[in-house]
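These notes are about the structure you will find just below.
The values are calculated or read from the model by the stated rules, or taken from the named source; none is laboratory data. Keep in mind that what you see is a predicted model, and the values were worked out from it rather than measured. Counting neighbours? That spans all protein chains shown, and the Cβs are built from the backbone with ideal geometry, glycine included.
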Amino acid sequence: MKTKIIAHRGASRYAPENTMPAFELAYQSKAEGIETDVQLTKDNIPVLIHDEQVKRTTNGTGYIKDLTFEQLRQLDAGSWFSGEFTGTQIISLDELLQWVKDKPLCLNIELKNNKIDYKHLESIVYERLKDYQLLNRTTLSTFNPRSVHRLKDYNKDIGIAFLTSKRNRNLVSHAHELGANAIHIKYRLLNKLLVDQCKQAKMAVRVYTVNRSAHIMKCFTHECNGIFTDIPDKALQFRTNF
Ligand code: G3P
Ligand code: CA
């Protein structure tokens, strides 16, 4: 099985994470998918950003939940990465969906609701995907087991993944009981037994965040369904030579 190469927060080694330049670079490098993180603004707009606060990746301060979309738009989400990206803006989920719609890309939208459990985040994101007719090439993932459970009614028309970095002998059955049809695991959890259990349960397995050559190769050897990588160009090159 061909392991899909999914650009983690876009091609985030080369451009500021979760911004249009990072997504564009991922597409240009021929990545097969885009991973991104979504949270809700004060005025309930789904926006793409990893941390709950804007401090690390913009020139502003404060929590996403306390700022309106217009306020977030004023921030510079590029210069922290390099001067070349000064003026890059935070984008809404809608902007990404509009851009993806006519491209042969799959999506992994991570609901960032494990620290702040945003009300209705699941249904807001699901409805947007439905509007853009992107349900059949999207997986929704979250570290929050309660959120996976809330998503379970959607698991016939969309991928639902339980994200974890914790070792658990019963991970596959736990994810299945929650209603997930995929697990997204931290690299160090990857082993043959887990992959076999996933195959048996018809559960997809994808691995994050895989940047080292040996780790990328190990994921190919185990025929994982996908890897999340900051360097999709390198991973694609390795896959060609694998
Ligand atoms: O979705 C895989 C990976 O992105 C989860 O961890 O912290 O990079 O969002 P994190
Ligand atoms: Ca993520």
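Couple of notes before you dig in:
- GLN39 being in contact with an Asp or Glu (Cβ under 9 Å, 6 or more places away or on another chain), more than 14 Å from PRO16 (Cα to Cα) and within 16 Å of ligand 1 (Cβ to nearest atom): yes
- On inspection, ILE64 qualifies as touching a Ser or Thr at 6+ places or on another chain (Cβ under 7 Å) and within 16 Å of ligand 1 (Cβ to nearest atom).
- Looking only at the stretch 176-206, and only at residues there that are among the aliphatic types (A, V, I, L, M) and closer than 19 Å to LYS112 by Cβ, the one that is farthest from ligand 2 (Cβ to nearest atom): LEU178
- Test for ASP117: is it surrounded by fewer than 16 Cβ atoms within 10 Å (Cβ to Cβ), over 27 Å from LYS166 (Cα atoms) and among the charged types (D, E, K, R): no
- Tally of residues being polar (S, T, N, Q) and within 17 Å of ALA204 (Cα to Cα) across the stretch 109-148: 5
- Residue match in the stretch 114-135 (condition: of a type in the set (A, V, I, L, M), without any contact (Cβ under 8 Å) to a residue 40 or more places away in the chain and within 16 Å of ligand 1 (Cβ to nearest atom)): no
- Screening the stretch 140-226 for helices (runs of 4 or more DSSP H) wholly inside it with 1 or more residues that are of a type in the set (S, T, N, Q), more than 16 Å from ligand 1 (Cβ to nearest atom) and free of Cβ contacts under 8 Å to residues at least 40 places away in the same chain returns the ranges 171-178, 192-200, 213-221.
- If you go through the stretch 133-174 and keep only what is in contact with a Lys or Arg (Cβ under 9 Å, 6 or more places away or on another chain) and surrounded by fewer than 17 Cβ atoms within 10 Å (Cβ to Cβ), you end up with GLN133, ASP157, SER165, LYS166, ARG167.
- Candidates GLU110, GLU122, GLU95, filtered to the one that is surrounded by 16 or more Cβ atoms within 10 Å (Cβ to Cβ), of a type in the set (Asp, Glu) and touching a helix residue (DSSP H, G or I) at 6+ places or on another chain (Cβ under 8 Å): GLU122
Quick grid of which residues meet (1) of a type in the set (Lys, Arg); (2) at pLDDT below 95; (3) surrounded by fewer than 24 Cβ atoms within 10 Å (Cβ to Cβ):
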| position | (1), (2), (3) |
| --- | --- |
| MET1 | no, yes, yes |
| ALA7 | no, no, no |
| ARG13 | yes, no, yes |
| MET20 | no, no, yes |
| PHE23 | no, no, no |
| LYS30 | yes, no, yes |
| THR36 | no, no, no |
| ASP43 | no, no, yes |
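- Qualifying positions in the stretch 210-235 - under 22 Å from the mean Cα position of the chain (by Cα), surrounded by fewer than 16 Cβ atoms within 10 Å (Cβ to Cβ) and either under 13 Å from LYS4 (Cβ atoms) or hydroxyl-bearing (Ser, Thr, Tyr) (or both): SER213, GLU223
- Output for the stretch 42-57, where each listed residue is in contact with a strand residue (DSSP E or B) (Cβ under 6 Å, 6 or more places away or on another chain) and more than 12 Å from ligand 1 (Cβ to nearest atom): ILE45, PRO46, VAL47, GLN53
- Scanning the stretch 60-118 for residues that are among the aromatic types (Phe, Trp, Tyr) and either within 17 Å of the chain's Cα centre (by Cα) or over 18 Å from ALA7 (Cα atoms) (or both) yields TYR63, PHE69, TRP80, PHE85, TRP99, TYR118.
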